[in-house]
Amino acid sequence: MNEFAMMQRLAGIGAQFRLPGEIYAFSVIKNGNINATYKVTYMNPDGTLKAYIFQRINTYVFKKPVEIMENIDRVTTHIREKSKNRPSLHYHHTADGLNYCYDSENHFWRVMNYIDSVTFDTTDDLYVIASTGEAFGLFVMQLSDFDGKLLHETIPDFHNTGKRLDTLFMHETEDPFGRVADCAKELEYIHSVSGIARRLSDRFLAGELPVRVTHNDTKSNNVLFDRDTKRPLVVIDLDTVMPGMAMYDFGDAVRFIANTSAEDEPDTRRVFFDTAKFRAFCKGYIGQVNGSLTEEEIENLVLATFSITIELASRFLDDYITGDCYFKVNYPGHNLVRTRCQLALAKDIMRKYDELSWIVSEAAKIK
Ligand code: GN1
Ligand code: MG
């Protein structure tokens, strides 16, 4: 779609949300793999500028977007009441009182306030990393008295590692695009660790581990930071807030932030799990949640980190084998590159397992 047509589409959506003024500029925010996100700046009738975030929900991934918006409404209301002095997410409503709308092509849109901030994909700043840990730890704490039964399961079995692996192995057998031959080594490794990788989620499903309200997508770029103070402002991307394992939120966060390279680094010789970054995140996260996670949860944080890394590698590989329908890809083979990067990371986590476990136990001693 050309820029003018896009602008008109955005203007149509803004009109449904009754935003005052006219669009002055817009840009694409690129760091999500699923939804399409735009920063849209309006010029108010009095000449001042005001920015909003417009998001088109990927309804291939999120089959029931209205349920997502109900979840988000409940969760943001709960969090807002607990942190009155911090910026929070506000969704705009249409004349019918809905926090979403459809465009002329039946795409699903929502509009929220833009919070002036910075985000970090990769960073070497240990202070920022510890603060990210704090932000996600605080998030779990803020939702600790929220009744998970009020939430729709927006993506069933989202972090059911066992099911993710079974699906991958089923598609390996079917090989619908003739791509399995490209990834024999990767599949072999995943098979070899599948028993370990699925252990926690199998136990969780058996009711042996605590159910908590979790974020489920704890990448560091889902925390907005104050530009000047580098303090965390707010956790965003609440699409996958559901009952789940706190350990997996921790694991997913360090999987992303302690990687020495990007999540899709093609040169796997550059992919390592940075123990100093891990330590910094642990301090921030455990500092917030300590006392509310069980000893067993704390003891399994490293296993959770390994498990979610294998899970994500399996999801990327499954998407590669089945024709790249789920994650946005920037070039052919992108999902295979992502897989290899995540597997290199998982292997390094396994190599450093004892050291990482020691770091966790040290961090858990400090209250
Ligand atoms: C997807 O679109 P984004 O970046 O928020 C995915 C996560 C993955 C992540 C990997 C709903 O999140 O589970 O960990 O990509 N979200 C969904 O970058 O599948
Ligand atoms: Mg997300």
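A few points about this structure:
- Count of the stretch 202-234 residues which are part of a loop (DSSP other than H, G, I, E, B) and either more than 16 Å from ligand 1 (Cβ to nearest atom) or among the small types (G, A, S) (or both): 12
- Filter result for T37 (within 16 Å of ligand 2 (Cβ to nearest atom) and without any contact (Cβ under 8 Å) to a residue 40 or more places away in the chain): yes
- So S261, is it surrounded by 15 or more Cβ atoms within 10 Å (Cβ to Cβ) and more than 16 Å from ligand 2 (Cβ to nearest atom): yes
- Filter result for Q16 (in contact with a Cys (Cβ under 6 Å, 6 or more places away or on another chain), over 21 Å from V234 (Cβ atoms) and not acidic (D, E)): yes
- Residues in the stretch 101-118 that are in a loop (DSSP other than H, G, I, E, B) and within 21 Å of the chain's Cα centre (by Cα): 4 in all.
- Residue within the stretch 14-29 that is of a type in the set (F, W, Y) and loosely packed, with under 13 Cβ neighbours inside 10 Å present: no
- Residue selected from the stretch 40-53 under the condition in a strand (DSSP E or B) and over 18 Å from R110 (Cβ atoms), by the criterion nearest to ligand 2 (Cβ to nearest atom): L49
- The condition of being modelled with pLDDT under 95 and surrounded by fewer than 20 Cβ atoms within 10 Å (Cβ to Cβ) holds for only one of T322, T294, T268, that being T294.
A quick yes/no check of all residues on (1) surrounded by fewer than 21 Cβ atoms within 10 Å (Cβ to Cβ); (2) of a type in the set (D, E); (3) touching a helix residue (DSSP H, G or I) at 6+ places or on another chain (Cβ under 9 Å):
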site	(1), (2), (3)
D175	yes, yes, yes
Y189	yes, no, yes
S201	no, no, yes
G207	yes, no, no
P210	yes, no, yes
V223	no, no, yes
D226	yes, yes, no
T229	yes, no, no
L233	yes, no, yes
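- Subset of the stretch 2-19 (residues that are modelled with pLDDT of 95 or more and in contact with a strand residue (DSSP E or B) (Cβ under 8 Å, 6 or more places away or on another chain)): L10, A11, I13, G14, Q16, F17, L19
The values are calculated or read from the model by the stated rules, or taken from the named source; none is laboratory data. Predicted model only: the values in this text are computed from it and were never measured. So basically every Cβ, Gly included, is an ideal-geometry build from the backbone, and we count neighbours across all protein chains shown.
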